[in-house]
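Student: Before I ask anything, here is the structure I am working with.
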Amino acid sequence: MIILGLSGALNHDASAALLIDGEIVAAAEEERFIRDKHAKNRMPLNAARFCLEFAGIGARDVDVVAFPYAPIGLATPARWHYARRHWYAPDRALDALFNGNRRYRRNRGRVLVMGTALGIDWTRTEFVPVEHHLAHASSAYHLSGFEERTAILGVDGKGEYATTFFGYGEGGKIHKIKELYDPDSISGVYGAMTEYLGFEMLDGEYKVMGMAPYGDPNRHDLSRLFRRRSRGEVEVDTRYVNTVGLRRYRAEGVGFYFSQKLVDWLGPRRVDESIDEPFVDYAASLQRLFEDTCLQLVDAHLGDILADTGKLAFAGGGALNVKLNQRLVARADVQELFVQPAAGDSGTALGAATYVAAGRGDKLSRMRHAYLGPAFSTDECLDALRAIGEPLEFARLDDVPRDTARILAAGNPVAWFQGRMEFGPRALGARSILGCPSAAGIADRINAQIKFRERWRPFCPSVLDRVAPQIIQSQHPAPFMTITFDVAESWKARIPEVVHRDGTARVQVVDEASNPRYYALLEHLEALTGDAVVLNTSLNRQGEPIVCTPTDALAMFIGSDLEYLVMEDLLVTKRR
Ligand SMILES: [Fe+2]
């Protein structure tokens with residue numbers, strides 16, 4: 001069965017994923033093709049085209065288009081909950097009751113139009129809507145490879161109405177245990193506070209998480225953001241956050257997801273680049289509140305299953321909170337946590353597809369890598385180089401991993417463009433900027449050459465699989481940079497540039513089968529420096545998506561002060 005999953009239901013993070021007989025053939029985010037981060041208000045036309053072309057099939061061959069947004073009936077509590085909790089914005093409350101699937105219908109229309117543009121014949125191809133949180137759940141559970149009964153957690157801003165999902169998977173089927181509904185969204189609280197802390201919601205959450213270790217979580221008690229947090233229930237206080245309508249705080253014509261009352265309580269929102277008090281302390285308190293609330297809910301709804309099998313699959317934007325994931329892994333009742341690399345909304349394209357595939361009997365297996373996007377040959381890179389006509393020099397390398405390791409060991413950052421682009425927000429050694437983490441000052445050097453990120457944000461390491469357990473003091477799988485671990489004392493001084501302020505690192509453990517060239521690079525680096533670790537950050541400039549094509553890579557390279565770009569078999573440098 002050929003299933004094309006599409007996301008973009010919530011007007012951000014449009015993406016496409018193609019499954020053929022249960023195998024993920026291709027997946028990519030639309031932002032990479034249109035060069036617009038999060039592809040807001042866009043449908044994944046280019047991403048879908050890529051998937052079909054990569055598979056060598058036509059749009060007419062697609063059996064099912066799966067979409068992660070479904071109609072929600074009045075018989076479920078979702079719309080009633082929404083209406084009751086939005087009494088202060090009666091237009092929205094009434095709309096949820098009387099016209100509660102308007103957004104679904106609009107989405108369906110957009111998919112049909114996009115499908116037609118793609119060449120899909122809707123008389124032959126079936127359109128299947130999948131509830132948003134079931135798509136998230138499936139993207140984690142069906143790709144975890146877990147055979148046992150598996151606890152499933154979904155933490156997200158909002159799908160149709162559900163914001164948070166608790167369930168389990170067994171024998172390939174997903175069962176709901178409990179959902180929370182809008183406005184009672186833990187991720188929503190994090191998003192609202194992200195706005196208050198001066199970042200963009202749905203983008204800056206990881207910056208808040210990076211800021212948190214600089215603050216003191218005990219200095220401010222933010223627990224009043226929730227009216228209630230007990231016995232598996234959560235009620236957000238919408239007088240402060242997750243606010244809509246007239247309650248919104250407004251500044252310069254923009255309405256925020258928090259209220260004037262929050263500003264009266266905590267002071268003016270952060271508007272500059274500083275990481276000073278009280279904002280760092282708010283970030284620290286928020287992060288702790290988020291973790292504690294999620295863990296309490298896991299206890300209440302998933303504790304029994306975890307006690308039984310210890311397997312947990314986690315998806316939704318909240319699953320990109322690597323610190324929460326560290327605490328989940330640290331639980332005595334969790335043996336293994338699986339977080340799919342595209343845990344946010346882009347991953348719902350994959351999740352909708354896997355949900356339909358599993359329901360129709362396709363066999364799904366564990367997702368072992370995220371290299372699902374386009375790849376380019378050395379000849380294609382040469383064509384791009386010639387077309388760009390900038391003063392660049394290039395040479396073919398004899399041994400790409402060895403030669404690159406030498407440049408890194410000499411203390412230079414290297415832009416690294418190799419193989420198929422990653423699916424999901426993390427660069428995992430296909431579209432990366434690399435550095436040698438024992439080279440003093442390498443992080444500052446990268447920041448200076450790219451000028452793209454806040455100095456206080458941590459860089460992350462890719463680590464050779466046979467060395468990783470010594471560094472992270474754990475055998476837990478970590479292929480996707482979705483979990484932080486405490487770095488062993490003996491390693492902190494060896495790789496200081498990739499250890500965060502709180503002594504943790506968000507590692508990617510690299511195995512040879514998934515990325516042989518990256519693996520070989522790490523082995524060469526180990527031979528030169530003694531450490532099989534490389535600093536790995538994404539190949540992009542601030543505010544831009546990760547590069548996709550050789551032309552994107554060259555444009556980014558030229559627009560930065562980077563000196564070395566290794567693109568497939570070529571070393572590109574700037575003429576002095
Ligand atoms: Fe979502």
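Coordinate-derived values only; no laboratory data. Quick caveat: nothing in here was measured; it's all calculated off a predicted structure. Cβ coordinates were reconstructed from backbone atoms using ideal geometry, including for glycine residues, and neighbour counts include every protein chain displayed.
Student: Viscosity 0.890 mPa s, temperature 25 °C: give me the Stokes-Einstein translational D for region 471-522 in µm²/s, with Rh taken as the Kirkwood radius over C-alpha pairs. Write down the numbers at each step before the final one.
Tutor: On the way: Rh = 11.8 Å.
So the translational diffusion coefficient is about 208 µm²/s.
Student: Past 19 Å, Cα to Cα: identify those pairs from Lys178/Lys261; Lys40/Lys158; Lys173/Lys311, in the order given. If you can, show how the numbers build up before the last one.
Tutor: Values: Lys178/Lys261 31 Å; Lys40/Lys158 16 Å; Lys173/Lys311 15 Å.
Checking Cα-Cα distances, Lys178/Lys261 exceed 19 Å.
Student: Next question. Taking N as the number of residues in region 371-484, what value does Rg over Cα atoms divided by 2.2 N^0.38 Å take?
Tutor: Numbers: Rg = 16.0 Å, N = 114, 2.2 N^0.38 = 13.3 Å.
After normalising by residue count via 2.2 N^0.38 Å, the value is 1.20.
Student: Express the C-alpha Rg of region 459-576 as a ratio against the empirical globular expectation 2.2 N^0.38 Å, rounded to two decimals.
Tutor: Values: Rg = 15.5 Å, N = 118, 2.2 N^0.38 = 13.5 Å.
Its radius of gyration relative to the 2.2 N^0.38 Å reference: 1.15.
Student: Taking loop as defined by DSSP and a crowding limit of 12 other beta carbons within 10 Å, which chymotrypsin sites (Phe, Trp or Tyr not before Pro) in region 105-182 fit? Before the final figure, lay out each step's value.
Tutor: Details: sites: Trp122, Phe127, Tyr141, Phe146, Tyr161, Phe165, Phe166, Tyr168, Tyr181; in loops: Trp122, Phe146, Tyr161.
Taking region 105-182 and a limit of 12 other Cβ atoms within 10 Å, the loop chymotrypsin sites (Phe, Trp or Tyr not before Pro) found are Trp122.
Student: With just the Cα atoms defining each centre, how far is region 511-576 from region 213-275? Give it in Å.
Tutor: 39 Å
Student: Continuing with the same structure: So what does the Cα-only Debye profile of the chain read at q = 0.06, 0.07, 0.08, 0.10 Å⁻¹, as log10 I(q)/I(0), no solvent term?
Tutor: -0.29, -0.40, -0.52, -0.84
Student: Whole Å is fine, so just give me how far the alpha carbon centre of region 116-157 lies from that of region 360-431.
Tutor: Cα centroid to Cα centroid, the span is 29 Å.
Student: Right, another one. Once the principal axes of the Cα atoms of region 1-61 are found, what is the range along each, listed largest first in whole angstroms?
Tutor: Sorted from largest, the Cα extents of region 1-61 read 30, 18, 18 Å.
Student: Also, quick follow-up: What's the local net charge at Arg49, with K and R +1, D and E -1, over the other residues with C-beta under 15 Å away?
Tutor: Numbers: positive: Arg32, Arg42, Arg60; negative: Glu29, Glu30, Glu31, Glu53, Asp61.
Net charge in that neighbourhood comes out at -2.
Student: May I ask you to derive the relative contact order of the chain, considering only C-alpha pairs under 8 Å and at least 6 residues apart, and to give it as an integer percent?
Tutor: On the way: 1309 pairs, mean separation 91.9, N = 576.
In percent, rounded to a whole number, it is 16.
Student: Ok, one more. For region 225-341, what does the relative contact order come out to in percent, with C-alpha contacts under 8 Å and a separation of six or more? Could you put the intermediate results ahead of the total?
Tutor: Details: 106 pairs, mean separation 20.3, N = 117.
Relative contact order, region 225-341: 17 percent.
Student: Now, a different point. Hey, got a sec? Which trypsin sites (Lys or Arg not before Pro) in region 424-482 land in a DSSP loop and have at most 16 other Cβ atoms within 10 Å?
Tutor: When the trypsin sites (Lys or Arg not before Pro) of region 424-482 are filtered for loop state and at most 16 Cβ neighbours within 10 Å, Lys451, Arg455, Arg466 remain.
Student: I want to make sure I understand the PRE zone here: with the label point 7 angstrom from the Cα of Glu170 toward its beta carbon, which residues in region 299-318 have backbone N atoms less than 11 Å away?
Tutor: Answer for region 299-318: 305.
Student: What's the longest bit of the chain with no exposed GluC sites (Glu not before Pro), using DSSP loop states and at most 16 other Cβ atoms within 10 Å as the test? Walk me through the intermediate numbers first.
Tutor: Details: sites that count: Glu147, Glu148, Glu200, Glu252, Glu273, Glu454, Glu512, Glu563.
Formally, the longest exposed-site-free interval is 274-453.
Student: Per q in 0.15, 0.21, 0.29 1/Å, what log10 I(q)/I(0) does a Debye calculation on the alpha-carbon atoms of region 523-576 return?
Tutor: -0.55, -0.90, -1.15
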